[in-house]
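First the structure, in the form of structure tokens, and then the observations on it.
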Amino acid sequence: MSGMPIRVQPLEADSADLAARFIAALLEELSGGEPCDPAPLEPVARDLLASGRVCGFAAYSLERPVGVLMLNKCAAVYAGGRFGEITELFVEPEWRSQGTAAALVDAAAEHGRRQGWKRLEVGAPDQPAWQRTLAFYQRCGFTEVGPRLRFLL
């Protein structure tokens, strides 16, 4: 795999099955191996990609998809207006440390620049268990700004 060219393409709503498959794999990995069915994720991915509020990118080696990144369009005063948030990023394990995730982040950054955004943000998984993920984002130029919290409705 090393040295194989990586091509990144935007995802369209008709690629929701691809997004759902990779996001299910991400959720399974983050949960420690609890199976995640991609079927219920597909209509959500389709709706979000069609909405224009979320965009995505797929990484391919030759014609085989090997990773996906989803990007949410956000806005906040502290961010100076509009910005992007990477909400999901998954690369097949055998394609990690091959530049695949970096190519996806580069595509997201370029998309953000074209949109006039000043920043991208990402929520890294719990530390220290996912230290490698945090280190990856830091190598891509992200800086740590603190923990993220959630409130379920």
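Readers should treat all values here as calculations from the given coordinates under stated rules, not as data from a laboratory. Fair warning: this is a prediction, and the values are worked out from it, not measured in the lab. Heads up, the Cβs are rebuilt from the backbone with ideal geometry, glycines too, and the neighbour counts pull from every protein chain shown.
The mean sequence distance of close C-alpha pairs (under 8 Å, at least 6 residues apart), as a share of the length of region 79-153, puts its relative contact order at 35 percent.
Assuming 1.002 mPa s and 20 °C, estimate D for region 23-69 with Stokes-Einstein, Rh taken as the Kirkwood radius over Cα pairs, in µm²/s. Working shown, then result.
Values: Rh = 12.0 Å.
Using the Kirkwood radius from Cα pairs, D works out to 178 µm²/s.
Using only helices, what value at 222 nm comes out for the chain when you add -39,500 (n - 2.57) per DSSP H run of length 4 or more and divide by the total residues, to the nearest 500 deg cm²/dmol? Taken over the chain, the calculation gives -10500 deg cm²/dmol. When the alpha carbon coordinates of region 72-152 are projected onto the principal axes, the ranges are 38, 31, 23 Å, largest first. Among F136, F22, F90, the largest mean-square fluctuation in a Gaussian network model of the chain (Cα springs under 10 Å) belongs to F136. The per residue volume of the convex hull around the alpha-carbon atoms of the chain is 133 Å³. Amide H to amide H distances under 5 Å link V66 with A59, Y60, S61, where only residues 5 or more positions off or on other chains count and H is placed in the peptide plane. Here the contact order of region 6-139, divided by its residue count and restricted to Cα pairs under 8 Å and six or more residues apart, works out to 22 percent. Placing a pseudo-label 7 Å from each Cα along the Cα-to-Cβ vector at Q131 and V145 gives an inter-label distance of 2.5 nm.
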